[in-house]
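The block underneath contains the structure these notes are about, expressed in structure tokens.
What follows is calculated from the coordinates using simple rules that are stated; it is not laboratory data. Since we're looking at a predicted model, the values are computed, not measured. Glycine also receives a Cβ, built like all others from the backbone with ideal geometry; neighbour counts cover every protein chain displayed.
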Amino acid sequence: MAALTLDALTVKFGGLVAVDHLDLQVRDGELRCLLGPNGAGKSTTLDLICGKTQPTSGRILLGNQDITNLPEFKRARAGVGRKFQTPTVFKDLTVIENLEVGRSSEPGILTTLRVFRSPVRGRMKEVLGLVGLENEIRTRAENLSHGQMQWLEIAMLLMQDCRVILMDEPTAGMTVQETSQTASLLRELRGDHTMIVVEHDMTFVREIAETVTVMDQGALLSEGSIEAVEADPAVREAYLADTGDEAHA
Amino acid sequence: MNTGFKIDCIGYGLFAAFVLLVMPWMVDFSGYELNSYARYLALGMVAAALALSWGTAGILNLGQALTFGVGAYIMAMHLKLRASESLPGGMPDFMGWTNVEALPWFWQPFHSLLFTLGAGVLIPVGIACLLGVFMFRGRITGVFVAIITLSLMLAVQLWIISEQRFTGGENGITGLAPLNLFGWSVDTYELSFYYLVAGCLLAGLAVGLGLVRSKAGLVLRAIKADPERVRFFGYDVARYETLAFATSAGIAGVAGMLYALVLEFASPTYMGLSISLAIVIWAAVGGRESMVAAALGGIGVNMAEGRLSDLFFDQWTLMLGVIFIAVVLFLPRGIYGLVATARDYLEARYTERVAMALNREQDDAARPVADRGEVK
């Protein structure tokens, strides 16, 4: 069954069509990579799914539920999680406080007014171990390294336990080693969570991708396995016209 | 998320001891000064209320004096009715002078003490909820919140001044009867009244502390840093902001009721620009991040004002001004900032030590796989 379906999704900013009748289906538990040259509309697509931007027309379905017109917080409750390009953690809060904010299965005031502790056990402990932050629980997020901040944000999404996780360049600014650790983390999450990852780093994409969707000028250009997409002449033309090397596109 | 809780409780305990024991001890537990001290506590309470919305949730309410003033008027209306029982129609004197024929309907329920006490909290809360729904659902933030709250307060103040027939106008509501609280006739110069005010202040702070240190408070701190991000975790940001705003209004309402009791009149100046800005200054001096610190700021500044104006007739405002400028320049987080920095330093040293001890333990054991090695 499709975890997420985009149906002729379109958004116009003034005269510019940023996303143009985009159809997309992502299976439950799939890790989908979204590629495309700068300005292809990848980040805008994620913004549309999570509700940061309202579409001009088209529909977004989460499972069978139409979430096109829901406000952001209701989409999040329905199961959409978003990781932003620059690590967007709460810098004044400690690691565990950030994760506690992330644990939002019961986001109502009446519940949160009665919660006073964040015990490090169960899912919290598991997630801390998964991203390797178990010794930094009391560290303020602003004192973490850039890579750790990225992991913290991923960890917050894991605490949120959303059905679909949208990631915008999760490895931006990471060292080679951190990137490969992130790749193995994402491979581990695949299956339990449905993920859409926007990424420029082709080495990284090759490490994690199952199905790749390529966008150009707001529209779907090609879809398939990484080999098939790389062989697609349309992709080569749109993407590689000037450099001739996808890895540096 | 509970490291701060214990330290907050210690701070709260010290503050309670200061308010309940040290302050009355300074005036030998009796006398005229106690009344002034009760006034300082009421003002400290409204500063704490501001700290709740400003310091915790990042909502700078420049109209905090509105809810404070509403509370004061509500208390004054009740006491005025009690004082006017022997007058024709049971109407307040100023209504008679302006030829009002019968007691207006919105004065009627204030005959009841219980209604008055409830209204003193709930009407400010209601005002804040209504305003909050419009502002926060519309995602109005920052300086615009300050402008809206300030304008609303000034509008209400103008209305009160212009509707002299019903509100006493510029003169406010004066000539009040003493409060009769379930058989206890309150004398505002007695120690028991001081303790009533102190009890209300401590109760208000306890409510605030519970809110700030619960997960709801954590979400509010997150909202202060980045409301957009919090929305994507599924929290209804507008509702959380309204919660902080309304709780703050309720506490300010109680402070206003106490203030009217202390001064024995209510005046439109209670919801004026100068007191509203003064509240911001008190909270800033004490430290807006902590309600207790802000309350201390309110008490301390007012106490200093009282002392300085006794000693120097004219120059004391100048001195206060210099103190404020110094605080803003050198202690942007207020006096609380100093304490917090020291606390963070101690905490960092403590965790360092714990980590070292843990490492030693791990070395002794067969060194289990600890970190990211598992993920690979």
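Here the residues A:Trp151, B:Trp97, ranked from fewest to most Cβ neighbours within 10 Å of their Cβ, fall in the order B:Trp97, A:Trp151.
Could you work out the Rg to Rh ratio of the range B:6-67, with Rh taken as the Kirkwood radius (inverse of the mean 1/r over all Cα pairs)? Don't jump to the answer; show the numbers that get you there.
Numbers: Rg = 14.4 Å, Rh = 13.4 Å.
Reported Rg/Rh, Kirkwood definition of Rh: 1.08.
In this structure, the pairs whose alpha-carbon distance is over 18 Å, taken from A:Lys74/B:Lys224; A:Lys12/A:Lys42; A:Lys91/B:Lys224; A:Lys12/A:Lys83; A:Lys12/A:Lys74; A:Lys52/A:Lys74, are A:Lys74/B:Lys224; A:Lys12/A:Lys83; A:Lys12/A:Lys74. Here the peptides A:74-85, B:297-308, A:18-29, B:53-64 are ranked by packing, the mean other Cβ count within 10 Å, and the order with the highest first is B:53-64, A:74-85, B:297-308, A:18-29.
Averaged over B:233-243, how many beta carbons belonging to a partner chain fall within 10 Å of each residue's beta carbon?
Details: counts 16, 18, 10, 8, 3, 2, 4, 3, 0, 1, 3.
The per-residue average across the peptide is 6.
Just to check, using Stokes-Einstein with a Kirkwood Rh over alpha carbon pairs, what's the diffusion coefficient of chain B at 25 °C and 0.890 mPa s in µm²/s? Can you show the working numbers first?
Numbers: Rh = 22.4 Å.
D = 110 µm²/s.
With Cα atoms as the point set, the range B:213-358 shows a radius of gyration and Dmax of 19.5, 62 Å.
How many partner chain Cβ atoms sit within 10 Å of a residue's Cβ in peptide A:76-82, on average, as a whole number? Show your work: numbers first, answer last.
On the way: counts 6, 4, 1, 1, 2, 3, 4.
Other-chain Cβ atoms within 10 Å of each residue's Cβ, averaged: 3.
Relative to the current alpha-carbon distance between B:Leu130 and B:Ile161, full extension at 0.36 nm per residue lengthens the span by 8.8 nm. Dipole orientation for the range B:3-272: of the candidates B:Thr174, B:Tyr37, B:Leu130, B:Leu130 has the Cα lying most toward the positive pole (charges on Cβ; Lys, Arg +1; Asp, Glu -1). Over the C-alpha trace of the protein assembly as shown, radius of gyration and Dmax come out as 29.8, 98 angstrom.
Sort A:Thr112, B:Thr174 so the one with the fewest other Cβ atoms within 10 Å of its own Cβ comes first. Please list the in-between numbers first.
Numbers: A:Thr112 22, B:Thr174 17.
Going from sparsest to densest Cβ surroundings: B:Thr174, A:Thr112.
Just add up the charged neighbours of B:Pro178: K/R +1, D/E -1, any other residue whose Cβ is under 15 Å from the Cβ of B:Pro178. Residues near B:Pro178 contribute -2 overall.
Once you compute Rg and the Kirkwood Rh from C-alpha atoms, what is the Rg to Rh ratio for the range A:91-161? Spell out each step's value before the answer.
On the way: Rg = 11.6 Å, Rh = 12.2 Å.
A ratio of 0.96.
For the range A:195-223 versus the range B:43-113, the inter-centroid distance based on Cα atoms is 64 Å.
Scanning residues 5 or more positions from A:Met215 or on other chains, those with amide H under 5 Å from its amide H are A:Leu35, A:Gly36, A:Leu221, with H placed 1.01 Å from N in the peptide plane.
Packing here is the average count of other Cβ atoms within 10 Å per residue, and on that basis the peptides A:161-173, A:56-68, highest first, run A:161-173, A:56-68.
Roughly what % of DSSP beta bridges within the protein assembly as shown run antiparallel, to the nearest 5? Intermediate values should be presented prior to the final figure.
Details: 24 of 42 bridges.
The antiparallel fraction comes to roughly 55 percent.
Spatial offset of the range A:139-179 relative to the range B:232-270 amounts to 39 Å, using the alpha carbon center of each.
A:Val120 versus A:Thr56, label points 7 Å from Cα toward the beta carbon: distance in nm? Calculated label separation equals 5.1 nm.
Partners of B:Lys80 within straight-line reach, counting aspartates and glutamates whose Cα lies under 20 Å from its Cα and excluding those fewer than 8 residues away in the same chain: B:Asp93, B:Glu101, B:Glu163, B:Glu170, B:Asp187, B:Glu264. Quantify how much of the Cα-Cα distance distribution of the range B:97-186 extends past 20 Å, in percent. Tail of the P(r) past 20 Å holds 56 percent of the pairs.
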